[in-house]
Amino acid sequence: MAKYISIAYTLTASAGSEGDVTLYRVEDARVLRLTDVRVNFPSGQAFQLQLSLYRGVQQVAPYQGVYAGNGGVMADSVDVVLQSGERLILHYKNTDTTNPQSAFILVGGELE
């Protein structure tokens with residue numbers, strides 16, 4: 001029986017940094033169907049923090065481009081299946097070389 005789960009993460013990217021963070025690794029003998037992505041960018045960021053989600057090396061959200069914002073919540077519906085052992089990876093890039101930037105990421109889906 002599937003149950004809905006939420007995975008929450010607060011990212012603070014130092015000035016000019018780029019990298020990857022594993023948000024979730026699917027447990028053995030389980031499957032995660034990712035359905036929702038929400039990103040909250042605080043005001044004043046001027047679209048300088050860029051985010052995207054990957055299943056391994058394949059970008060799965062957004063379909064093209066990156067999430068970026070300047071205040072408010074960005075909501076996206078997705079349909080991505082991650083198999084046992086696969087990782088959901090958050091890729092980030094802070095194009096501001098002077099200031100750190102942050103965002104709150106909430107992803108949800110059904111774990112079978």
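A short reminder: the numbers here are calculations on the coordinates, not readings from a lab. None of the values given here were measured: they were computed from a predicted structure. Cβ coordinates were reconstructed from backbone atoms using ideal geometry, including for glycine residues, and neighbour counts include every protein chain displayed.
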Practice problem: Can you tell me the dipole magnitude for the chain around its Cα centre, using point charges on the Cβ only (Lys, Arg +1; Asp, Glu -1), in Debye to the nearest 20? | Solution: 60 debye
Quiz prompt | Contact order normalised by residue count of the chain, Cα under 8 Å, 6+ apart, percent | solution = 51 percent
